[in-house]
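Notes follow the structure.
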Amino acid sequence: MSVQAFYDDLAPLYHLVYENWEATVARQGTALASLIGEEWGAGARSVLDAAIGIGTQALGLLALGFRVTGSDLSPVSVIRAQREAAARHLPLACVVADFRALPIRTASVDVVIVCDNALPHLETPREIEIALGECFRCARPGGGCLVTMRDYGSPPPSGTVEVRPYGERVWAGRRYHLRQVWTWTGPRYDLSFEITPADRGDADATILKTSYLAIPVGQVAGLMRAVGFDNVRRVDGRFFHPVLVGTRAPV
């Protein structure tokens with residue numbers, strides 16, 4: 001299953017990842033706004049969300065007055081993000097694109113964000129470096145990039161299976177059980193995302209599959225430096241994933 005197909009199929013149900021998606025949108029928007037202000041100042045108000053998904057981060061930033069452009073590999077996700085923004089009377093321009101080749105003008109935004117562990121979908125560190133190079137290109141001098149990603153430790157032996165339950169979710173009067181199943185194959189793992197109706201014993205589960213590269217946060221920080229970002233550092237305790245920030249030096 002391609003990454004695009006995974007997120008196309010997940011888009012209608014993606015909000016179930018969170019116990020309360022609306023509260024999550026507000027919380028994450030506030031957290032990101034605070035980090036952006038601290039790193040790049042109160043004048044940093046234009047944001048490119050290079051992995052917008054269904055808008056979990058972008059909608060929160062828009063509600064706080066940021067100008068957000070969205071990009072995502074999944075056209076179905078982009079459509080939903082735009083629909084969610086319109087329902088909230090928030091302006092959101094989006095494009096469908098791979099973040100290794102962003103159709104965005106050079107040095108045109110204050111900050112590029114890549115959240116929700118999106119970068120490790122790529123196959124190799126070199127591909128992640130290419131994506132970060134695009135983030136560097138799009139950020140104006142004096143602006144920067146903010147990445148959130150899982151804090152991976154050493155991969156377990158190949159063949160190891162880990163089950164990560166989310167618990168029960170309630171949506172539109174229905175109950176669902178959600179879980180992830182990780183099957184490790186060296187430095188990568190295949191992920192099966194399972195959404196099972198809990199109130200209909202005969203209903204089939206929705207099972208979506210993708211994969212990730214378990215690249216350490218520190219290695220991604222090194223790749224940010226390699227493409228030109230300065231003052232790259234890790235920030236913990238401010239988001240549900242570790243955060244990396246880096247600045248494009250002023251001219």
Check your understanding: Sorted by packing (mean other beta-carbon atoms within 10 Å per residue), highest first, where do 46-52, 222-228 land?
Key -> 46-52, 222-228
Check your understanding: Expressed as a whole number of Å, what is the distance separating the alpha-carbon centroids of the range 207-251 and the range 89-117?
Key -> 16 Å
Practice item. Within the range 117-138, find all residues whose amide N lies under 18 Å from a label point positioned 7 Å from the Cα of ARG67 along Cα-to-beta-carbon. Key: 138
Review point. In nanometres, what is the gap between the two model label sites at THR183 and THR124, each 7 Å from Cα along Cα-to-Cβ?
Key: 2.5 nm
Point to revise | Kirkwood-based Rg to Rh ratio, the range 119-188, C-alpha trace | key: 1.13
Practice item. Place the peptides 11-17, 122-128 in order of packing, highest mean first, counting for every residue the other Cβ atoms within 10 Å and averaging per peptide. Key: 11-17, 122-128
Point to revise | Additional length obtainable on full extension of the chain from VAL163 to THR196, 0.36 nm per residue less Cα span | key: 10.4 nm
**Study point:** Cα shape, the range 1-116, gyration tensor, a/c 1.5 rule
**Key:** oblate
Review point. Angle, helix 21-40 long axis vs. longest principal axis of the chain, Cα atoms, 0 to 90°, nearest 10?
Key: 20 degrees
Point to revise | Helix 217-227 vs. the chain, principal-axis angle (Cα, 0 to 90°, nearest 10) | key: 40 degrees
**Study point:** Sulfur and carbon atoms: percent of accessible area, the chain [1.4 Å]
**Key:** 54 percent
Practice item. Over all directions, average the projected area of the Cα convex hull of the range 4-55 and note it in nm². Key: 4.3 nm²
Check your understanding: Looking at the P(r) of the chain, how many percent of alpha-carbon pairs lie beyond 22 Å?
Key -> 54 percent
Revision key, fill the gap. Between ASN20 and ALA205, the FRET efficiency computed from the C-beta separation at R0 = 22 Å comes out, to the nearest 0.05, as 0.45
Review point. Does the range 70-130 come out rounded, prolate or oblate, given a ≥ b ≥ c as the square roots of the eigenvalues of its C-alpha gyration tensor, rounded meaning a/c under 1.5 and, failing that, prolate meaning a/b above b/c?
Key: prolate
Practice item. Express the accessible area of the range 82-148 per residue in Å², computed with a 1.4 Å probe while the remaining protein chains stay in the model. Key: 39 Å²
Review point. What residues of the range 232-251 lie in the reach of a label at SER34, counting those whose backbone N is under 20 Å from a point 7 Å from the Cα along Cα→Cβ?
Key: 233-246
Point to revise | Among VAL232, VAL217, VAL163, residue whose mean-square fluctuation peaks in a GNM of the chain (springs only between Cα atoms under 10 Å) | key: VAL163
Practice item. Would you work out if the range 134-242 is rounded, prolate or oblate? Take a ≥ b ≥ c from the square roots of the eigenvalues of the alpha-carbon gyration tensor; rounded if a/c is under 1.5, else prolate when a/b is larger than b/c, oblate otherwise. Key: prolate
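The values are calculated or read from the model by the stated rules, or taken from the named source; none is laboratory data. Note that the coordinates shown come from a computational prediction; the quantities given were computed from them, not determined experimentally. Don't worry about glycine lacking a Cβ; one is built from the backbone with ideal geometry, like all the others, and counts go over all protein chains shown. Please note that ligands, DNA and RNA were not included when accessible areas were found on the heavy atoms of the full protein model with its side chains. Shrake-Rupley method; radii C 1.70, N 1.55, O 1.52, S 1.80 Å.
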